[in-house]
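The values are calculated or read from the model by the stated rules, or taken from the named source; none is laboratory data. Because the structure is predicted, anything quoted here is derived from the model rather than measured. Every residue, glycine among them, receives a Cβ derived from its backbone with ideal geometry; neighbour counts consider all protein chains shown. Keep in mind that these areas ignore ligands, DNA and RNA; they rest on the heavy atoms of the full protein, side chains included. Shrake-Rupley method; radii C 1.70, N 1.55, O 1.52, S 1.80 Å.
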Amino acid sequence: MDSKNLFKKAAELIKSSQKTMVLTGAGISTESGIPDFRSPGTGLWENMDPTEVLSTKVLFNSPEEFYRVGFKILSSMRNAEPNEAHYILSEIEKEGIIAGVITQNIDNLHQKAGSKKVYEVHGNTREGSCLRCGEKVSFELLEEKVAKEELPPRCDRCGGMLRPDVVLFGDPMPHAFDLALKEVQESDLLIVIGSSLVVAPVNFLPGMVDRLIIINATETPYDYKADVVIREKASYALRNIWNLIKS
C-alpha cells in the first residue's frame, strides 16, 4: 500500500474511533534537532551505555560523574523548539479528536506546542527535587549550581542532594504511567509516533487497544499487530492525515 492510501486509512480509523490516545517517542523530536537514542549512526546510545550514564546507580554512587556526563545530555534538550508534528497534535487535541498524549520524551516540546493533556511517563526537564526533604526546584537552578561546579547540587533548604525529575534507569515508574495506562485501557485506538517500542513498560501499551496506527522510521515489534504502519517523518505523516480528516 502506498503512502497516500496509508494516510487515508489512518484518517478513517481516527474519524471512526470513539477514543484515541497518542504515544510519542524520541522520533517525533528529531525534527527539532534532538537526536533519538537508537537510530544507527545518529542515536545517542551509539557511543555510550545509558545504564552507565543516566541511572540511579551512577546518581547515588558517583553523583559528580552523573552531573558531569548524564546531566549534560538532559540539559542539552531544553533549548529545542517544537516542530510541525508537535503543533499538529496540539491542534488535533483542541478539536477533540485525540484525548491526550502519552510521551516517553523529557524535552517538554508537547507542552511548548500547546498540548494540554500530556502524560510524561519518563519525567521531565522542567523540575528537580531534593532527595532528603522533597523540596521542588526548577531545572534552571540545577543548571546554575552545576555551572558553578557545585557537584552534586545541594538543596538550599536542608542541604540534601538535588536530582532532576527524570525517570532514570533504576527508578520506579511515576504516577503519570498509571494514569496513561488507564487512558489506553479506555481507548479503542492508539497512534504511536516515533517510538521503537522496545522500552518496557511503555511498550506494553500498544497491546491493550483494538486498533493501532504506527508512524515510525524503523520497524517495531508491534508492526504485525498494527492496522496501519507508516514509515515517514512524523510531521509529513501527520500533516497528510490531518488534512484528510479536515477535508
In terms of Cα to Cα distance under 18 Å, which aspartates and glutamates are near enough to residue 94, apart from those fewer than 8 places away along the same chain? 84, 183
Report the per residue volume, in Å³, of the convex hull enclosing the C-alpha atoms of the chain. 118
Take the cross-link list 116/182; 57/112; 112/225; 136/233 and give me the ones stretching past 29 Å between alpha-carbons. 57/112; 112/225; 136/233
Roughly how far apart, in whole Å, are the Cα centres of the stretch 68-103 and the stretch 106-151? 14
Based on the Cβ-Cβ distance from residue 148 to residue 188, what FRET efficiency comes out when R0 is 51 Å, to the nearest 0.05? 0.50
Cα gyration tensor of the stretch 205-247, axes a ≥ b ≥ c as square roots of the eigenvalues: rounded (a/c below 1.5), prolate (a/b > b/c) or oblate? oblate
Equivalent ellipsoid dimensions for the stretch 125-247 as semi-axes, Å, which come from the Cα gyration tensor, largest first: 38, 17, 13
Length gained when the stretch residue 171-residue 227 is fully extended (0.36 nm per residue, less Cα-Cα span): 16.8 nm
For the stretch 65-201, one quarter of the surface area of the C-alpha convex hull, expressed in nm², comes to 9.2
Express as a percent, rounded to the nearest 5, the fraction of DSSP beta bridges in the chain (both residues included) that run antiparallel. 30
Efficiency by 1/(1 + (r/R0)^6): what FRET value for residue 200 and residue 69, r their Cβ-Cβ distance, R0 = 25 Å, to the nearest 0.05? 0.55
Using only protein heavy atoms and a 1.4 Å probe, report how much of residue 68 is accessible, in Å² to the nearest 10. 110
For residue 236 and residue 132, FRET efficiency with R0 = 35 Å and r from the beta-carbon atoms, rounded to 0.05? 0.15
Using 0.36 nm times the number of residues separating residue 76 and residue 12, minus their current alpha carbon distance, what extension gain do you get? 19.2 nm
Roughly how many debye, to the nearest 20, is the charge dipole of the stretch 186-247 about its Cα centre, given +1 on each Lys and Arg Cβ, -1 on each Asp and Glu Cβ, and no other charges? 280
For a protection proxy built on the mean count of beta-carbon atoms within 10 angstrom, sort 148-161, 99-112, 13-26 highest first, please. 99-112, 13-26, 148-161
Quick check on the stretch 104-183: what does the Kirkwood estimate of hydrodynamic radius come out to from the alpha carbon pairs, in Å? 13.7
